[in-house]
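**Student:** Pasting in a structure now, in structure tokens, and then I'll have a few things to ask.
The values are calculated or read from the model by the stated rules, or taken from the named source; none is laboratory data. All values reported here derive from a predicted model rather than from experimental measurement. Every residue, glycine among them, receives a Cβ derived from its backbone with ideal geometry; neighbour counts consider all protein chains shown.
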Amino acid sequence: MPAAPAIEIGLNAAIVAVRDDEPLILVVSGDQRSPDLLPFGPFDPLVHRAMDSGLRSWVADQTGLNLGYVEQLYTFGDRGRHAEPGDVGPHVVSIGYLALTRASRRGGRAGSATRWQDWYRYFPWEDWRGGKPEILDAEIEPALALWAGNEAAAGAGPERALGRADRVRLWFGLGDLPWNEERALERYELLYEAGLVAEALRDGREAALERHRTSVVPELGRPMAHDHRRILATAISRLRAKIKYRPVIFEMMPATFTLLALQRTVESLLGLHLHKQNFRRLIERRGLVQPTGDVTTRTGGRPAQLYRFARQVLRERPAPGLRL
């Protein structure tokens, strides 16, 4: 009887914070030959009581951060995700986690390679705060239109309820369809399937190889090692959805804050611009914050009132979030 294949369980953390109105992700910085990675480490059942405690332990050792809010995302185990030519090591199955924290000015423990990076560096098409990103009109939509138009010529593939053109329209909000900020993962996976991201070429996907043979492939966002950009896209989609029905936004806010700072934090994560008065009415109606009685003059204009998270709302409603 052949020996069972070796499996190693890894733990990956998408650690998110917001600073200066930009959503940040903690990465292990690479160079042009070594792409960025999410912090990661092995699960050792002889040392770690549970997977999330193992995650907290090695993140603290690696970055100096003591994680607060942590939730499990998904299990990532595609064959080849860590493979290299001649690699005979165990197959790595990773458990992805979303962690929320408040950004410090430092990137991690002194001497470490961890750095805070703007997550739109990896997904530039997801930031609509200043209007529709230019990369969509200039690069992504024309390339996807060509790929969708070649579906018949591509031959038989797995049966799908929605064809290529339908999925492009839905995930990218084309025609009369709206942009849905929660579809970050679906958009990245569609770009991967179409061979339009560097990871698809690295993994030897046929669509990417064909495109590479016939044309110059633009770099759509900074690639990440292994499938870490897919894990990050999963975290972005999860967080964008969750802030609408759970008060997780306050995990990234200081103890006191202005309503404008709260709005800009929400906008940075959603990648959308929100109407100021509508946002304030929503916050007041949901009862998520309460005034502290203090003001700040650090806004550069008139003194602004300071607020804090109204924790008692958790006892009053089961799902107190920002239903935008």
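**Student:** Could you say which residue among Leu201, Leu259, Leu232, Leu282 is surrounded by fewer than 21 Cβ atoms within 10 Å (Cβ to Cβ) and in contact with a Phe, Trp or Tyr (Cβ under 7 Å, 6 or more places away or on another chain)?
**Tutor:** Being surrounded by fewer than 21 Cβ atoms within 10 Å (Cβ to Cβ) and in contact with a Phe, Trp or Tyr (Cβ under 7 Å, 6 or more places away or on another chain) holds for just one of Leu201, Leu259, Leu232, Leu282, which is Leu259.
**Student:** Looking only at segment 38-78, which residues are polar (S, T, N, Q) and not in a loop (DSSP other than H, G, I, E, B)?
**Tutor:** Those that are polar (S, T, N, Q) and not in a loop (DSSP other than H, G, I, E, B): Ser53, Ser57, Gln62, Thr63, Gln72, Thr75.
**Student:** Has segment 135-154 got any residue that is buried (at least 19 other Cβ atoms within 10 Å of the Cβ), closer than 27 Å to Pro35 by Cα and among the charged types (D, E, K, R)?
**Tutor:** No - not one qualifying residue is present in segment 135-154.
**Student:** Still on this model: Please determine, by comparing only the residues of segment 26-73 that are touching an Asp or Glu at 6+ places or on another chain (Cβ under 8 Å) and touching a residue at least 60 places away in the same chain (Cβ under 8 Å), which one is nearest to Arg129 (Cα to Cα).
**Tutor:** Taking the candidates together, the pick is Val27.
**Student:** Suppose the filter is at pLDDT 90 or above, acidic (Asp, Glu) and over 20 Å from Glu141 (Cα atoms); does Glu193 pass it?
**Tutor:** Considered against the rule, which asks whether it is at pLDDT 90 or above, acidic (Asp, Glu) and over 20 Å from Glu141 (Cα atoms), Glu193 comes out as no.
**Student:** I'd like the residue in segment 198-221 that is in a loop (DSSP other than H, G, I, E, B) and acidic (Asp, Glu) and, out of all such residues, is farthest from Ile135 (Cα to Cα).
**Tutor:** The extreme case among them is Asp203.
**Student:** On the given criteria, is Ala165 outside the structural domain of Ala235 (by TED's automatic domain parsing), touching an Asp or Glu at 6+ places or on another chain (Cβ under 9 Å) and either modelled with pLDDT of 90 or more or loosely packed, with under 15 Cβ neighbours inside 10 Å (or both)?
**Tutor:** yes
**Student:** Take Leu288 and tell me if it is within 26 Å of Ala145 (Cα to Cα) and not assigned by TED's automatic domain parsing to the domain that holds Ala13.
**Tutor:** In short, no.
**Student:** If you don't mind, another one. Taking segment 79-103 as the search range and keeping residues that are at pLDDT below 70 and surrounded by 14 or more Cβ atoms within 10 Å (Cβ to Cβ), which one is farthest from Glu189 (Cα to Cα)?
**Tutor:** Ala83
**Student:** Residue check: is Asp52 within 19 Å of Arg222 (Cα to Cα), at pLDDT 80 or above and not aliphatic (A, V, I, L, M)?
**Tutor:** No: the conditions fail for Asp52.
**Student:** What's the total number of residues in segment 168-198 that are out of contact with any Phe, Trp or Tyr (no Cβ under 6 Å at 6 or more places or on another chain), of a type in the set (Gly, Ala, Ser) and surrounded by 17 or more Cβ atoms within 10 Å (Cβ to Cβ)?
**Tutor:** 3
**Student:** List the helices (runs of 4 or more DSSP H) that sit entirely inside segment 245-316 and contain at least 1 residues that are in contact (Cβ under 8 Å) with a residue 24 or more places away in the chain, of a type in the set (S, T, N, Q) and out of contact with any His (no Cβ under 8 Å at 6 or more places or on another chain).
**Tutor:** The qualifying helices (runs of 4 or more DSSP H) are 259-270.
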